[in-house]
1. Calculate one ³J(HN,Hα) per residue across the range C:246-263 by plugging θ = phi - 60° into the Karplus curve 6.51 cos²θ - 1.76 cosθ + 1.60, and present them in order as whole Hz with x for glycine and proline.
2. Around A:VAL210, which amide H atoms from residues at least 5 apart in sequence, or from another chain, sit under 5 Å from its own amide H, with H modelled in the peptide plane?
3. Report the net charge of residues surrounding B:LEU150, where surrounding means a beta-carbon distance below 12 angstrom and charges are Lys +1, Arg +1, Asp -1, Glu -1.
4. Per residue of B:117-124, count partner chain C-beta atoms within 10 Å of its C-beta, then hand back the mean as an integer.
5. Can you give the average number of partner chain beta-carbon atoms within 10 Å of each beta-carbon in peptide C:114-121, as a whole number?
6. Peptides B:182-190, B:90-98: what's the order by average Cβ count within 10 Å, highest mean first?
7. Only bridges with both residues in the protein assembly as shown count here: give the DSSP antiparallel percent, nearest 5.
8. Count charges around B:MET128 for me, please; just the other residues with Cβ under 15 Å from its Cβ, Lys/Arg as +1, Asp/Glu as -1.
Amino acid sequence: MMNLEIKGLYKSFEDISLFRNFSINFPEGEITCILGPSGCGKTTLLNIIGNIIRPDSGILNGFDGKVISYIFQDPRLLPWKTVRGNIEFVLNKNLPAEKRKEITGHFIKLVELEGFEDFYPGKLSGGMRQRVAIARAFAYPSDIILMDEPLKGLDIKLKLNLIQTFSQIWQSDRRSVIFVTHDVDESLLLSNEIVVFSRAPVNILTRQKVEMPLTNRSPDSEYLKRLKQILLNNLGT
Amino acid sequence: MKISFTDKQYVSIASVVIMLVIWKILAMHFGSDFVLPPPEKTFFTTFKLFTDSHFLAIVGSTLIRSIIGFIFSGILGMGLGIIAGINPLFNAFLRPVLVTIRSTPVIALILLALIWFTPGSVPVFIAMLTMFPFICTNVTDGIRSVDRELVEMAQFYRAGRKRIIREVYIPAIIPFIISGTSSAIGFGWRAIITGEVLSQPEYGIGTLMQNAQTFLNVDAVIAWTIVAVIIGYMFEKVIRWSEHKLIAWRF
Amino acid sequence: MGMIRLIDSLNNGEGHNVRVLILNEPLQVRKMMIDGSADFAVLPATMAAIVYNKGLEYRLVAVPVWGTIYLIGSDTTVSGWKDLKGKRVHVMARGMTPDVLFRYLLEENGLIPEKDVTLDYSFPTHIDLANAVASGQADIGVVSEPLASLVIKNNRAVRQIFSFEQEWKKFQDIPLAETAFMAKNDVIRNNRQLVEKIISAYEASTEWVNQYPDSAAGLIVKYNILPDTGVAVRSIKRSNLKFVRAGDVKPQVEAYLNIFYRMNPDITGGKIPDENFIYR
């Protein structure tokens, strides 16, 4: 399997050094979760990968030519476009109308928003809006999906719901996913591998694979509870 | 056939009726057509105005002046507003100018305009000058209000400059433009009629108001006022209607 | 101005409570008639007709002034009416006597007001307009005495282009019954004696002014109507002061009003004043 690699990354903001000679790799086609305390630089790494900010120095391998989708913490939907319109927004304008309708329809179905195609975001709940954002990220013909704390501030039920939705889509379309969170439970429910970050300057404290099919996962699982303990121990340092 | 009204409509209708009753009582109290003619007489005069052969020319002239003024102030307002929205320095430069124009009493502007312009163009100039600060300020605010995060998202998804302007900036600005237009038209319509009263172009609602004054036709003064108010009200309705069409997503 | 001797003697005399107020604009006179504070009033004849027709309780007693309106200006290219074509002429206010008179003369001379000649009402009062012509802001203006003479004195470039009285005579046999002297009905009913007294005094005063213009000029300056006696003398001559009782010129007054009534009924208040308009 190919890896997406970052080697020798240096990045500081003002006087704070976030990354000093930092390296990490991500297996392609897998969901990798970056788990760490707030402010440690997780979002910065994501933004470097997404080309939103430049590193001071470092090498990124395997990212060239890759198309990237981004799911932000808040849905960032255009209020004046319908659900369908928002998803179409990221599609190539030159695609014929039926093709666009087909694609948007497909993903709207996958996020279980059938019937809401012509609704404006103002009429949707927070969870539904995030689902549209997910559909949009997948509708965009990307190779990598980046997610920055996408479930922050949502209640448990909604989280589980969205995790369910996401896994369903991902099963049929296994793109590389890198997502960032400080919530241990989230990381356990959604990723194939969890990388724990320390505070700045960032070190990898541990990497834990989660050997359990996404669809089977539940917070009650013993396996996951044990894994959680390991992670918490690491986060304590 | 039953005609039913909602509570809100009842209250509005009642309000109008009460105003008419007060008018009638005051008219009877003063007893003089020079101070306050009674409503029936005034409404009759208003209808007579409609039948005047020049009515369309008169109202049309004032309307055309307003529309021309509005178009010019729209172009100028949007042009400057966009620049000010993008460039904070220019905005800082423009602000005192706009505040000065907005704070200057309209009558002072008219008196100055009478010195600089021919009477025919004074009303248009006044319309333009009074309307453009509203549009300019609103466009600037609109641009500055555009959600940075949405622009970021669009850039991230490689939406392309033109698309971002068309589908992220413009829809965000439209509510502001509508608000600016509403204020501008309301203010400009009244200013233009005042301008006509003083500059006396051959055809115009303001001119006719002044004429009525000269000929001691107080009911005609009020009648023309009613015409002006009705038209102002219709402008308002048009704007409300276009608001519903253009920003359906807000409702 | 014809009243100036009367004013002076009233001022010097005692034992009466007659006050004369000299106002700048006819609209100010009209206001005092609307609120009833004026017992007698001197105002343009067309305005008198409007006021009477609208029901104000005043009647026409006499015509004390006949033609005082002139077209003056610094534009040297205008010598005949046709030369006015394409020019801008400043007039005091739409619908008032100078305006309607000018329009009448324009039409009689084959010119269409506002189309062939631009009419500019930017200067809304007598004084504003006179100042504008004097300062050169306005090239051509319709100005009445006593201001017309004053402007010509103050600005050498300004001269008289037309005398409306003379131009009027080319088309009408009847004279220009331009100004009206009105009395309140109450006063007529309750104190007819006073009315007659004032009529005689006003008549005498006007004759005196015409006979002794130099002395009259002195009074005119004394009461601040004009700033110098030279101008005052000229102005008197150009003001056609002649006091005539309304009863004696009834047909002329009616004919005068009729001309404007036919142009636009609003000018005389919607109709020709009836029998009771004239005081006997």
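1. 4, x, 7, 10, 3, x, 5, 4, 5, 4, 4, 5, 4, 4, 6, 4, 6, 5
2. Answer set, sorted by chain and number: A:GLU193, A:ILE194.
3. On the way: positive: A:ARG76, A:LYS81, B:ARG148; negative: A:ASP74, B:ASP147, B:GLU149, B:GLU152, B:GLU167.
Here the charged neighbours net out to -2.
4. Details: counts 1, 4, 7, 2, 0, 1, 0, 0.
Partner-chain Cβ atoms within 10 Å, mean over residues of B:117-124: 2.
5. Working: counts 3, 1, 0, 0, 4, 4, 6, 9.
Mean partner-chain Cβ count within 10 Å for C:114-121: 3.
6. Numbers: B:182-190: 20.7, B:90-98: 14.3.
Top to bottom by mean Cβ count within 10 Å: B:182-190, B:90-98.
7. On the way: 38 of 62 bridges.
Close to 60 percent.
8. Working: positive: B:ARG65, B:ARG102, B:ARG190; negative: B:GLU196.
Here the count lands on +2.
Read-outs: derived from the displayed coordinates by stated rules, not from any lab. This is a predicted model, so every value here is computed, not measured. Backbone-built Cβ (ideal geometry, glycine too); neighbour counts: all protein chains shown.
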